[in-house]
Structure formats: structure tokens, C-alpha cells
1. Cut-off 10 angstrom, C-alpha nodes, Gaussian network model of the chain. Which of Leu87, Leu129, Leu121 fluctuates the most?
2. Which whole-number value in Å³ per residue fits the convex hull of the alpha carbons of region 2-185?
3. For labels at Arg32 and Arg181 in the simple 7 Å Cα→Cβ model, what's the distance in nm?
4. Please turn the phi angles of region 46-58 into ³J(HN,Hα) values with the Karplus equation 6.51 cos²θ - 1.76 cosθ + 1.60 (θ = phi - 60°), one per residue in order, whole Hz, x for glycine and proline.
5. Fewest Cβ neighbours within 10 Å first, please rank Lys147, Lys60, Lys2, Lys80 accordingly.
6. Sequence gap at least 6, Cα distance under 8 Å: using those rules, report the relative contact order of the chain to the nearest whole percent.
7. Please turn the phi angles of region 102-119 into ³J(HN,Hα) values with the Karplus equation 6.51 cos²θ - 1.76 cosθ + 1.60 (θ = phi - 60°), one per residue in order, whole Hz, x for glycine and proline.
8. Amide H to amide H, which residues 5 or more places from Leu95 or on other chains are under 5 Å from it, using H placed in the peptide plane?
Amino acid sequence: MKLIVGLGNAGPEYKATRHNVGFEVVDAVAVRHSVDVSGEKFHGWFGQGKVSGERVALLKPTTLMNRSGRAVLAAGRFFKIELSDLLVIVDDFALPLGRLRMRESGSAGGHNGLQDIIDTLSSEQWSRLRVGIGDALGGATSHVLGKFTKREQARVARIVQRAADAVECWVSAGPVAAMTRFNGDVPEED
């Protein structure tokens, strides 16, 4: 069993914001593999299914972004998830819009949601997929809680699908294969 967690903020006011890219990637994986993630469990929206023949749990914490650790811990304990079987998907304004960065482990890099998970699990030894949302020139909070521009929206849809491809690769072939194949910029067009 693998646990795939997309970070975001619950509530209609946060829908389609830059900070909710993690939710969007989990939703894309769920649609592709017919996994219903509308159940409420583990302090989040949750569903189980198969991705690339592997059993997975998909989770979108409904805690505030900065308190995501309790949801990850609850689901991880319930399913007895090894840290190597955990993938967390987050937005990253330190990366240009459309850049993906998968890592097997690492620091929070200034992301409060990741930091809370690190603090709660007392470990950095789990995979994360960072999705670039562009530079926060006008201030971090207003940027991450802002919506993508009309011009960016079509590209974001492609980025989310490419990130979902990376998640599938992580499940089927592991983090090194996913890093090799997907780290970098998502092309603006095919």
C-alpha cells in the first residue's frame, strides 16, 4: 500500500488557488483510476484504489495547510505505511510555473505544510513532488492564495496532468525513475 497526499486548503474560497495544486494532482490521479476521494477520514478527503496495479490510498487533508502532518500521520498509522511508501504533492513558489521536482527526501524548503509533516513524522525520509507555481513577487501569502491567470490556466491543466504522470511513475517504478523522467519543466505545448 502506498499513501499519496496532495496538500491544499479546504473550502470554496481556496478552490483553484495556486496553493491547491496538490489537491488538483490527487484529483487527476483519482479520475484516471476511478478512485472516489470524497470519503471523510484521517482529517481529510480520502479514497482507496489501485494505480498501476498497486494498492494506494489518496488523501487531501482538510486541516489547514500548515497542520497537514496530523492527517498524514493518522492515515500512515492506520495503513502501517513505511516512509518509503509516502508521497506528498505540494505547490512551490520557489520553482517557475510548470517545473516539477520529485525528491526521495529532503527539507521543507520553506513550505509550512511540508515542515508540519516533517515535524509530525520526525523524519524527512519520504518522497515529495513539488509543483512550480511561479515566483511570489507580490508577497508569498497573496501569491499562493491567488488564482492562476486566464493565460496560465490552460498551462496549469497540462502541468497537473504531467504531475499525475509523475505520481503514476513513482507508484510503478519508484522515486528515482520518477525523478529521472519527470524533473524539469513541463512544455507549454506538445
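1. Leu121
2. 101
3. Between Arg32 and Arg181, the label points sit 0.9 nm apart.
4. 9, x, 10, x, 10, 10, 6, x, 9, 5, 9, 10, 9
5. Lys80, Lys147, Lys2, Lys60
6. In percent, rounded to a whole number, it is 26.
7. 8, 9, 6, 6, x, 6, 6, x, x, 8, 5, x, 5, 4, 5, 5, 4, 5
8. For Leu95, the qualifying residues are Ile133, Gly134.
Rule-based calculations on the coordinates, nothing more; no lab input. Just so you know, these numbers come straight off a predicted model, no measurement behind them. Note that we place each Cβ from the backbone using ideal geometry, even for glycine, and neighbour counts take in every protein chain shown.
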